[in-house]
Amino acid sequence: MSGLFWRCFTGAYLIQAMLAVGFLFPVVLSAQGYSIGVIGWSMSALNLAAIISRPMGGWATERWGFSGALFMAGILSLAATASIWIAPGMAGMISFRAGLGMVGGVAMVAISTFQGLVIPEEKRGPLFAIMGIAYVLPQITVVPLGEWLLNRNMETSYLVIPAILTVLAALMGRGLPSPESLRQGEEKEDWGSWGDCFGTSGVWAMILTLVSFSVLNSTTLQFLSLPVREKGLSASLFYTVNAVTCVALRVFGSELIKDVPRYLLGCVSITVMAVALTGALAADSSFTLILAAMGYGLGMGFGFPVMLALIPDVFPPRLMPKGSSIGMLSMDLGFALSPLIIGALSAYFGTSGAMRVIAWAQLVIAPTALILWRISRKRAESSLTL
């Protein structure tokens, strides 16, 4: 594997670590006395800002390249962190979350475009499995670190971690090749239009799959810490076991599923994760929580690399910056919706009950997405025979 692949891997890890630290942010706000409804809006601020900034990320990547987009993200992270002290109270916290959402929005479009152009189609299965490790390693590293800091009332140290990680990502991005230089095997056309992207076969099936996955994953990663800690269990235990399971599957299990269609595997993985989340909410001991985490890791271990690969599966290279924006925006939409849903449903069902509703809903949405994939593939095959 080339050095460019490993630089892509490092950048993905650093930005995902920046986002993963926020999984424990509800613990900070809960300790300050905020209600679950307010916490939901605060958590959603990051994802709503990320949605707005995804097109900005595509624009920055097309014009300034990967290095310029990551440098922009580094500057934004410093400004977001400063807002905590410039605007005290909830205003500062929401500004902090929204600022980090813009950071993630810009940076992940650049990284998603980079990995889509660096990884050739014939190697997409195994290399995206390895790339997926970068997205789950933060749960083994920075999430336990964040919980360790919060358990020792070191809130300030916890809150500056995102800026440190994003600045490191900006430094990693220095000297990366331009997106145009990586478009091998095709004429250097323009970057296409948004209409071209939404007219591409499979785009709507991809959007529904990514939204379903991200709603479920957001619910688990951002809110499971609350009911787990209420039972006296360790939230980082679930995250760590889940991450270790994911890493093991991505290192040793990629050959097991190389012949399974990615769209099918993605929908099955969502179903497995939904069942595992239901089990985690019912867990009353560390042992049962570990079993649920292993089940969740089974679905996420195979599922998340598939979600990454579906974007270049659908979009050709010339549409990758805008296509990556659509793919990442779809993931953001799930992360933006789930806190709002949790905040609204918690008034009727409690936090655990609201999370169960989201998990059960995916058992309907995932099969619907699978039907859309089948329809889009049949249409694509029909157009090729005409």
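Take the residues in the stretch 1-35 that are polar (S, T, N, Q) and over 14 Å from the mean Cα position of the chain (by Cα); name whichever of them is nearest to LEU76 (Cα to Cα). My answer is THR10. For the stretch 279-307, a residue qualifies if it is in a helix (DSSP H, G or I) and small (Gly, Ala, Ser), and the qualifying residues are GLY279, ALA280, ALA282, SER286, ALA292, ALA293, GLY295, GLY297, GLY299, GLY301, GLY303.
For every residue, the table says whether it meets (1) open to solvent by 10 Å² or more (accessible area, probe 1.4 Å); (2) farther than 17 Å from ALA12 by Cα; (3) not aliphatic (A, V, I, L, M).
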{"site": "GLY40", "(1), (2), (3)": "no, yes, yes"}
{"site": "MET90", "(1), (2), (3)": "yes, yes, no"}
{"site": "SER95", "(1), (2), (3)": "yes, yes, yes"}
{"site": "LEU117", "(1), (2), (3)": "yes, no, no"}
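Of the residues examined, ILE36 is one that is in contact (Cβ under 8 Å) with a residue 60 or more places away in the chain, more than 13 Å from ILE111 (Cβ to Cβ), of a type in the set (Val, Ile, Thr) and open to solvent by 40 Å² or more (accessible area, probe 1.4 Å).
The helices (runs of 4 or more DSSP H) located wholly in the stretch 140-236 that include 2 or more residues which are β-branched (Val, Ile, Thr) and outside the structural domain of GLN16 (by the TED database) occupy 203-223.
Conditions tested, residue by residue: (1) farther than 21 Å from PHE9 by Cα; (2) touching a strand residue (DSSP E or B) at 6+ places or on another chain (Cβ under 9 Å); (3) open to solvent by 50 Å² or more (accessible area, probe 1.4 Å).
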residue: VAL268; (1), (2), (3): yes, no, yes
residue: PHE304; (1), (2), (3): no, no, no
residue: ASP313; (1), (2), (3): no, no, yes
residue: PRO316; (1), (2), (3): yes, no, yes
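Looking across ILE375, ILE341, one residue alone is within 19 Å of the chain's Cα centre (by Cα) and either without any contact (Cβ under 8 Å) to a residue 24 or more places away in the chain or over 15 Å from ALA280 (Cβ atoms) (or both). It is ILE341. When you scan the stretch 290-300, do you find a residue that is open to solvent by less than 50 Å² (accessible area, probe 1.4 Å), more than 24 Å from LEU127 (Cα to Cα) and either charged (D, E, K, R) or in contact with a Gly (Cβ under 6 Å, 6 or more places away or on another chain) (or both), even just one? Yes. Go through the residues of the stretch 323-339 one by one and say whether even a single one is in contact with a Gly (Cβ under 6 Å, 6 or more places away or on another chain), part of a loop (DSSP other than H, G, I, E, B) and either modelled with pLDDT under 85 or crowded, with 22+ Cβ neighbours inside 10 Å (or both). No, the stretch 323-339 has no match at all.
The values are calculated or read from the model by the stated rules, or taken from the named source; none is laboratory data. This one's a predicted model, so the numbers in the text were calculated from it and none came from an experiment. Cβ coordinates were reconstructed from backbone atoms using ideal geometry, including for glycine residues, and neighbour counts include every protein chain displayed. With ligands, DNA and RNA removed, areas are computed over all heavy atoms of the protein, side chains included. Shrake-Rupley method; radii C 1.70, N 1.55, O 1.52, S 1.80 Å.
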